[in-house]
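Everything on this sheet refers to the single structure shown next.
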Amino acid sequence: MNSWLRHHRDAVRHALQRLFDSPLAALLTIVAIGIALALPTTAHMLLSNVQQLSRNVSAAPQITVFMHANAPREAGVAVQRHAQQMAGVKEAKLVTRETTSSRLSQAEGLAEVLQVLPDNPFPDMVVITPSSFDEREILALRQELQHQADVEQVQLDAEWTRRLGALLRLAKQAVLVIGLLLGVALIAVTFNTIRLQTLTRQDEIAVSRLLGATDDYIRRPFLWFGSLQGLFGGLVALGIAWGVAHALSEPVGALAGLYNLDFHLRPLDTLDTLLLLGSSAALGWIGARLTPEPALRK
Amino acid sequence: MIVFDKVCKKFPEQHLRSGHARAAFALENVSFEIKRGELALLTGHSGAGKSTLMRLIPALERATTGQVRVGDQDVSKLSRRELPYFRRKLGLMLQDQTLLDDRNAFDNVVLPLVIAGLRHKEASQRVHAALERVGLAGCERAFPAELSGGEQQRLQIARAIVSRPAVLIADEPTAHLEASLAAEIAKLFDGFRHAGTTIIVSTHDTSPFDRYATRKLHLDHGHLQ
Ligand SMILES: Nc1ncnc2c1ncn2[C@@H]1O[C@H](COP(=O)(O)OP(=O)(O)OP(=O)(O)O)[C@@H](O)[C@H]1O
Ligand SMILES: [Mg+2]
């Protein structure tokens, strides 16, 4: 082992020793860092899940073409035929106003309402399943269908998932901002811990300098301390996120069951986990690195 | 090996707490040379400037004017980067206690070797040898607070010699020690000298080192006599 590695090994040992020298203070700092990091981490995890869910739901987009209320039946049939010829259409079904009316009159409470109405209030509909999920292609389909004769309105049933998607993107951005702010907080907390440490270690620093320690030698244990403290804080955050996922998985599963969805709450994936641990260690390192030179020079 | 050339050292004006005028210079126009393998003895009254002179050698203080050289190195020209490596070649024993209270004897003595990046096995052999040399074999686990004044002094000597420095600088290494112990340390230093180390020692009481010194320097109010 060369002396560079030896120096790092010693620095890690010293950093751990400093953590264990005042275990309560270290624990409190680590837990504080962990809780601060857990907030954006858990939010990110939950949002990722909702995003995943919305993708699953919108997997089968539908286009509903509403005909004019007084359009002849042939108009609806023509639209259905036309749609079936169109590229990007998997299936096109005509749903007549009679079908809709009779289906709805079986629904409780609606039968009476329908009986009161003089005419059948429903228009003929053509329900189209596109073969592609691509938003642009679907919009093009909608554009074309809009121009058919006697078409009143074309509705994309996936509209709400698009809105949800936009909302989720916004929420993710908010989480990112919160994450950045808490990252700055982590740097500040580390900076303060290390500054206090340099004060209580003035003797050690002075003696080491006397014996020929370089700036790097003096700094190294502090940098490791900051990184390790950040890393342990990241592990706490990971634990909290995991706990939340575990606690929510059953109720969420039950809820999804009600909607016939096959959905399981997923904990952080490997990439996110590595990102969390890596950045918490890096932020701790930065906090330690910011320690002003004079504090280490004495 | 150690050369002072017209060295002056002036501390920044102190607030005149007592109202007494103080000597303008801690050292004034000090010139001397100590050759390789010599044991130089520095004497002088309290406040004469002995510690100031000693602290100039490892650049703990910088000369106001004049030149301090160790080997062929001009100490005042050392950069921040070079300074640590320069200090590793010196064995230092300052007047004020510089042992670390929260480390045991072994960890205190091994520190210069850890800083130099020595392999653990070799470092620990050297520490044991150094402790044995100063008569502290078996005290590895003791903390400084558990050692007597004389033992602490010897622990500092062990730390100063453990890296086998070419130059040993010892400021009052026998202060507060009884005569027999002081004589023993003087003899120890003579041994280091015979092993090739260049040594500069300061004392109030010259007796223990008198017979071993190859050169005597006497300071009076910052002037070399
Ligand atoms: N850091 C400092 N700032 C200001 N004045 C200082 C400083 N260090 C030393 N002096 C002054 O320089 C003079 C020489 O001090 P020095 O410590 O070198 O004396 P000394 O010969 O070692 O004395 P002693 O035998 O008591 O240790 C004294 O007048 C002292 O007050
Ligand atoms: Mg002195």
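Values computed for the structure shown
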{"quantity": "Selected residue (criterion: nearest to A:Phe222 (Cα to Cα)) from residues of region A:176-197 that are of a type in the set (Val, Ile, Thr) and crowded, with 19+ Cβ neighbours inside 10 Å", "calculated": "A:Ile194"}
{"quantity": "Qualifying helices (runs of 4 or more DSSP H) (wholly inside region A:128-240; at least 1 residues being away from every other protein chain (no Cβ under 14 Å) and either under 30 Å from A:Leu37 (Cβ atoms) or more than 31 Å from the chain's Cα centre (by Cα) (or both))", "calculated": "A:135-146, A:159-200"}
{"quantity": "Hey, B:Ala116 over 27 Å from B:Phe209 (Cα atoms), surrounded by fewer than 20 Cβ atoms within 10 Å (Cβ to Cβ), more than 12 Å from ligand 1 (Cβ to nearest atom) and not assigned by TED's automatic domain parsing to the domain that holds B:Glu172 or not", "calculated": "yes"}
{"quantity": "Some residue of region A:59-75 being touching a residue at least 40 places away in the same chain (Cβ under 8 Å) and within 30 Å of A:Thr270 (Cα to Cα)", "calculated": "yes"}
{"quantity": "Region B:215-224: number of residues that are more than 17 Å from the chain's Cα centre (by Cα) and closer than 11 Å to B:Leu41 by Cβ", "calculated": "0"}
{"quantity": "Options B:Gly44, B:Gly66, B:Gly49: the member that is at pLDDT 90 or above, of a type outside the set (Asp, Glu), in the same structural domain as B:Ala195 (by TED's automatic domain parsing) and closer than 24 Å to A:Val207 by Cα", "calculated": "B:Gly49"}
{"quantity": "Those helices (runs of 4 or more DSSP H) lying entirely in region A:21-125 with at least 3 residues buried (at least 19 other Cβ atoms within 10 Å of the Cβ)", "calculated": "A:23-57, A:73-85"}
{"quantity": "Condition met for A:Leu296 (within 14 Å of chain B (Cβ to nearest Cβ), touching a residue at least 60 places away in the same chain (Cβ under 8 Å) and among the aliphatic types (A, V, I, L, M))", "calculated": "yes"}
{"quantity": "Every residue from region B:167-210 that is of a type in the set (Gly, Ala, Ser), buried (at least 21 other Cβ atoms within 10 Å of the Cβ) and within 16 Å of ligand 2 (Cβ to nearest atom)", "calculated": "B:Ala170, B:Ser202"}
{"quantity": "Sole exception among (1) within 16 Å of ligand 1 (Cβ to nearest atom); (2) within 17 Å of A:Ala206 (Cβ to Cβ); (3) buried (at least 22 other Cβ atoms within 10 Å of the Cβ) for B:Leu111, by number", "calculated": "(1)"}
{"quantity": "Condition check for B:Lys89: surrounded by 20 or more Cβ atoms within 10 Å (Cβ to Cβ) and either of a type in the set (A, V, I, L, M) or under 15 Å from the mean Cα position of the chain (by Cα) (or both)", "calculated": "no"}
{"quantity": "Per-region count, region A:245-297, residues closer than 30 Å to A:Ile218 by Cα and assigned to a helix (DSSP H, G or I)", "calculated": "21"}
{"quantity": "The one condition in (1) at pLDDT below 95; (2) within 30 Å of A:Leu199 (Cα to Cα) that A:Leu231 fails to fulfil", "calculated": "(1)"}
{"quantity": "Those helices (runs of 4 or more DSSP H) lying entirely in region B:87-180 with at least 2 residues within 13 Å of another protein chain (Cβ to nearest Cβ) and hydrophobic (A, V, I, L, M, F, W, C)", "calculated": "B:105-116, B:149-161"}
{"quantity": "Scan of region B:201-223 for residues that are in a loop (DSSP other than H, G, I, E, B) and in contact with a Leu (Cβ under 9 Å, 6 or more places away or on another chain), ordered by number", "calculated": "B:Thr203, B:Thr206, B:Tyr212, B:Ala213, B:Thr214, B:Gly222"}
{"quantity": "Filter pass, B:Gly135 being at positive phi and either away from ligand 2 (no atom under 16 Å from the Cβ) or not assigned by TED's automatic domain parsing to the domain that holds B:Gly47 (or both)", "calculated": "yes"}
{"quantity": "Scan of region A:190-229 for residues that are in contact with a helix residue (DSSP H, G or I) (Cβ under 9 Å, 6 or more places away or on another chain) and β-branched (Val, Ile, Thr), ordered by number", "calculated": "A:Thr190, A:Thr193, A:Ile194, A:Thr198, A:Ile205, A:Val207, A:Thr214, A:Ile218"}
{"quantity": "Residue within region B:63-76 that is surrounded by 14 or more Cβ atoms within 10 Å (Cβ to Cβ), within 12 Å of another protein chain (Cβ to nearest Cβ) and either in contact (Cβ under 8 Å) with a residue 24 or more places away in the chain or among the hydroxyl-bearing types (Ser, Thr, Tyr) (or both) present", "calculated": "no"}
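Let's see how each residue does on (1) within 16 Å of ligand 2 (Cβ to nearest atom); (2) of a type outside the set (Lys, Arg); (3) outside any strand (DSSP E or B):
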{"position": "B:Asn29", "(1), (2), (3)": "no, yes, no"}
{"position": "B:Phe32", "(1), (2), (3)": "no, yes, no"}
{"position": "B:Gly37", "(1), (2), (3)": "no, yes, yes"}
{"position": "B:Leu41", "(1), (2), (3)": "yes, yes, no"}
{"position": "B:Gly47", "(1), (2), (3)": "yes, yes, yes"}
{"position": "B:Ser51", "(1), (2), (3)": "yes, yes, yes"}
{"position": "B:Arg55", "(1), (2), (3)": "yes, no, yes"}
{"position": "B:Val68", "(1), (2), (3)": "no, yes, no"}
{"position": "B:Ser79", "(1), (2), (3)": "no, yes, yes"}
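The values are calculated or read from the model by the stated rules, or taken from the named source; none is laboratory data. A quick note: this is a predicted structure, and the numbers were derived from the prediction, not measured. Neighbour counts run over all protein chains shown; Cβ positions are idealised from the backbone, glycine included.
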